[in-house]
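Notes follow once the structure below has been shown.
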Amino acid sequence: MAEITAKAVMDLREQTGQGMMACKQALAETGGDVAKAIDLLRTRGKDVAIKKASRATKEGRIGSYIHHTGKLGVMIEVNCETDFVAKGDLFTDLVKDLCMQIASANPEYLKREDVPGHVLAKEQEIFREQVKDKPAPIQDKIIAGKMDKWFGERCLLEQLFVKDDSKSIKDVLTETVTKTGENISVARFVRFSLGETA
């Protein structure tokens, strides 16, 4: 078994924002392999986020971003459990990152459940027409894959994070939940672009 040094624990803590004991335990369980320890902590972070998801989020902040040209603006409401977390740097940075994500990636919906049924039906119809020449048994799988990609482009929580495309916005939220120890949710957002109509 590899020796777990204090420096290795500190380095992992800086990379993940996890507590010292969690980092030490993850390194011990992975034989000192930092990449595996990060994956283990991320997996555990998702477990923590799932447990906290039912807790009420009545605090938070409204974030905004105006592009330097003055022709693009974003407003977002992000909620958490306490005023203490809402005023913290981690939460503030999250809100700023989400504003930049919306400005850059232009999501139409917060999550896939928000997409109207008639829009889904139309996209599925288009994809079904595209795969009509494929063997019948694989058509549904291809359509499901195309729909997942479509959701990933149009739903904020499923988009790849513009600052690190190895994770989705949902992953970024989960990491912040793990670091703050509180449930965090995006309530709503709006993106304005000069000359565009709703």
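None of the figures in this text is laboratory data; all of them are computed from the coordinates on show. Keep in mind that this is a model prediction, so the values were computed, not measured. Using ideal geometry, Cβ is built from the backbone for each residue, glycine included, and neighbour counts are taken over all protein chains shown.
Please go through the range 22-44 and pick out each residue that is in a helix (DSSP H, G or I) and of a type in the set (S, T, Y).
Step one: filter the range 22-44 for residues in a helix (DSSP H, G or I), giving 22-29, 34-44.
Selection gives T43 alone.
Filter the range 122-145 down to residues that are of a type outside the set (A, V, I, L, M, F, W, C) and either under 27 Å from R42 (Cβ atoms) or in contact (Cβ under 8 Å) with a residue 40 or more places away in the chain (or both), then give me how many there are.
Of the range 122-145, the ones of a type outside the set (A, V, I, L, M, F, W, C) are 122-125, 128-130, 132-135, 137, 139-141, 145.
Okay, now just the ones that are also either under 27 Å from R42 (Cβ atoms) or in contact (Cβ under 8 Å) with a residue 40 or more places away in the chain (or both), so 145.
The total comes to 1.
Residues are listed down the side, and each one gets a yes or a no for (1) closer than 17 Å to G73 by Cα; (2) over 24 Å from the mean Cα position of the chain (by Cα); (3) loosely packed, with under 13 Cβ neighbours inside 10 Å:
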| site | (1), (2), (3) |
| --- | --- |
| Q101 | yes, no, no |
| D133 | no, yes, yes |
| G152 | no, no, no |
| D165 | no, no, yes |
| I169 | no, no, no |
| L173 | no, no, no |
| T178 | no, no, no |
